[in-house]
1. Can you name the residue in segment 86-108 that is farther than 18 Å from Thr35 by Cβ and open to solvent by 70 Å² or more (accessible area, probe 1.4 Å) and is also nearest to the chain's Cα centre (by Cα) among such residues?
2. Condition check: touching an Asp or Glu at 6+ places or on another chain (Cβ under 9 Å), surrounded by 13 or more Cβ atoms within 10 Å (Cβ to Cβ) and at pLDDT below 95. Does Asp114 satisfy that?
3. Six or more apart or on different chains, Cβ under 6 Å: which pairs go from a residue in segment 108-133 that's farther than 30 Å from Gly167 by Cα to one that's small (Gly, Ala, Ser)? Could you list them?
4. Scan segment 54-71 and report the pairs whose first residue is touching a residue at least 60 places away in the same chain (Cβ under 8 Å) and whose second residue is open to solvent by less than 60 Å² (accessible area, probe 1.4 Å), with Cβ atoms within less than 6 Å and a gap of 6+ or a chain change.
5. If Tyr136 satisfies every condition in (1) within 30 Å of Asn31 (Cα to Cα); (2) free of Cβ contacts under 8 Å to residues at least 60 places away in the same chain but one, which is the exception?
6. Test Thr12 against the criterion of being at pLDDT 95 or above, among the β-branched types (Val, Ile, Thr) and surrounded by 12 or more Cβ atoms within 10 Å (Cβ to Cβ), and give yes or no.
7. What are the residues in segment 1-32 that are of a type in the set (A, V, I, L, M), more than 17 Å from Asn101 (Cβ to Cβ) and part of a strand (DSSP E or B), if any?
8. Could you tell me whether Gly140 is open to solvent by less than 30 Å² (accessible area, probe 1.4 Å), under 30 Å from Cys52 (Cβ atoms) and out of contact with any Pro (no Cβ under 6 Å at 6 or more places or on another chain)?
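The values are calculated or read from the model by the stated rules, or taken from the named source; none is laboratory data. Only a predicted model underlies this, so the values are computations on that prediction, with no experimental measurement involved. So basically every Cβ, Gly included, is an ideal-geometry build from the backbone, and we count neighbours across all protein chains shown. Keep in mind that these areas ignore ligands, DNA and RNA; they rest on the heavy atoms of the full protein, side chains included. Shrake-Rupley method; radii C 1.70, N 1.55, O 1.52, S 1.80 Å.
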Amino acid sequence: VDTGALGSYSVTYDVIDSGGNAAVQLTRTVNVVDTTPPTLTLLSDDPQVIECPSPYVELGADASDTHDLALGAIVIDASAVDTTVPGIYPVTYDISDASGNAALTVIRSVEVVDTTAPVIALVGDNPQVLECPDPYLELGATATDTCDQALGSIVIDTSAVDASTPGSYVVTYNISDASGNEALTVSRVVDVIDSTPPVIT
């Protein structure tokens, strides 16, 4: 009997009495089987946190078995993970040994987060020069975000500008992404000037 190798083995039993009479030999069958599934252990963090939209990096897992010392590859399913959309996604790990014993499925949570604020860029001059009393003309701005590709509108506050009175005024630009990250406020200076001489009639 080799308990380290699966198979069917025979154990025989013999005896002879003092008169030299041999008993009928008996045989016991010993079946060496493997009914113990492998064990899976995750490597590194669980949950795994990924900043949107960084690529997914597999952290891996280890598998061990009491009998099968040449286990095959762990089957990893990360197809549910979308690193371009914040959320929590499962990654599953499975393996079976040579005897067909399946390990208990292990699941790692992958949390895709967005902690990066949008960036605002002004369009046109800064400072913007406006001749009094010409009406104020908004030059605009653009906003980009590494994760949120459907940013809303930039909030532009021009309430401080008085185009009828020479002076320097500030216009502010703000925006937040879908995860609530606020961009750094950007300001444009509007200089209202009076360079037109009077007219004598």
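1. Applying the filter and picking the extreme gives Ile88.
2. Working: touching an Asp or Glu at 6+ places or on another chain (Cβ under 9 Å): yes; surrounded by 13 or more Cβ atoms within 10 Å (Cβ to Cβ): yes; at pLDDT below 95: no.
For Asp114, the condition - touching an Asp or Glu at 6+ places or on another chain (Cβ under 9 Å), surrounded by 13 or more Cβ atoms within 10 Å (Cβ to Cβ) and at pLDDT below 95 - is not met.
3. Note: pairs meeting the criteria are Val112/Gly87; Asp114/Ser179; Ala117/Ala183; Pro118/Ala143; Pro118/Ala183.
4. Close Cβ pairs satisfying both conditions: His67/Asp34.
5. Tyr136 satisfies every listed condition except (1).
6. Details: at pLDDT 95 or above: yes; among the β-branched types (Val, Ile, Thr): yes; surrounded by 12 or more Cβ atoms within 10 Å (Cβ to Cβ): no.
Criteria not met by Thr12.
7. Of segment 1-32, the ones of a type in the set (A, V, I, L, M) are 1, 5-6, 11, 15-16, 22-24, 26, 30, 32.
When the remaining residues are screened for being more than 17 Å from Asn101 (Cβ to Cβ), the result is 1, 11, 15-16, 22-24, 26, 30.
Answer for segment 1-32, where residues must be of a type in the set (A, V, I, L, M), more than 17 Å from Asn101 (Cβ to Cβ) and part of a strand (DSSP E or B): Val11, Ile16, Ala22, Leu26, Val30.
8. Details: open to solvent by less than 30 Å² (accessible area, probe 1.4 Å): yes; under 30 Å from Cys52 (Cβ atoms): yes; out of contact with any Pro (no Cβ under 6 Å at 6 or more places or on another chain): yes.
Yes; evaluated as a whole, the condition is true for this residue.
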